[in-house]
1. Please give the per residue volume of the convex hull enclosing the alpha carbon atoms of the range 10-167, rounded to a whole number of Å³.
2. Which order, highest average first, do 61-68, 330-337 follow once you tally other Cβ atoms within 10 Å for each residue and take the mean per peptide?
3. So for the pair residue 89, residue 54, with labels modelled 7 Å out along Cα→Cβ, what separation do we get in nm?
4. So for each of 104-111, 238-245, 10-17, 80-87 I average, over its residues, the number of other beta carbons within 10 Å; can you give me the resulting order with the highest mean first?
5. If you wrap a convex hull around the alpha carbons of the range 70-141, what volume per residue comes out, as a whole number of Å³?
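Throughout, read-outs are computed from the coordinates displayed, never taken from laboratory work. The shown structure was predicted, so the numbers you read here are calculated from the model rather than taken from an experiment. All Cβ positions, even for glycine, are placed from backbone atoms using ideal geometry, and neighbour counts span all protein chains on display.
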């Protein structure tokens, strides 16, 4: 009778990379599909994961949670981290990952409690290769989760730890762990520096000298000094105040041009109109409110009309009225033109509004 092979010493890969998915066709009876892990699948999964990790857009930022038995997706189970997957690598026999183990995870794999990985793929992250009747063949294109298990579905995977593994001595894993630990400690600062490089307009892989040069350029800009910043703030405030003044005048002119005379109505409409993006929106809103634009010289009268003759012939009265209105309109137009010439850049609506008030307001 042959003696049993006892894997007493569980050794990690000396390079710190674990195979998490082997290449091949892997039937999944529960899902009713065959998962095709070929070169296209491996390349796509690895590239997407590494891109998302660098951008910090994974489910947990720059790393992916490694749980056990897929408990983290079950509301009634714990979501304790056994490790954090940091990076993927495309190799000839499948997908490999670099993992930062937690105290719980390290104890579990060092002692051999868990020896395999189980990958997770969401339905929307697969390509259908064969949609015919029967078992569908699909190609996963994005890794959505990773879990420790001893009952992995996708066979052919290398164990997390092995007797002797590919380590040449008991000290090999300790050295590899120390190196991985140092790498993990530096990983986050490196990722942060990549973000800084991008903000500076440099390549994410820019060297230290390039970063120093970019920062020095910013520091040496005259408007970044304390005095320069104070001046910029003052100019910004002044421009903002000027803009609000001009905007208020424009809105007053629009209200006048649309026959909004009652002060109570103007006070309610003005804040609403001012908040709009541009003149077209303001004009459209006034029309929606029932205030259509009035042509110069044809303003609506607020005087009560009494249909009683004053003794003059109708034709003569109309002629005098029309002449007076034309004269007033001409005065307003001339004054508005004078105001606009005297203030280059001032808009016509503002000039017309001021001229209208000056000409038509009775002297006190």
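1. Numbers: hull volume 17.9 nm³, N = 158.
Considering the Cα atoms of the range 10-167, their hull volume per residue is 114 Å³.
2. Averaged packing, sorted descending, gives the order 61-68, 330-337.
3. If labels sit at residue 89 and residue 54, their model points lie 1.7 nm apart.
4. Listed from highest to lowest mean packing, they are 80-87, 10-17, 104-111, 238-245.
5. Output value, Cα hull per residue: 158 Å³.
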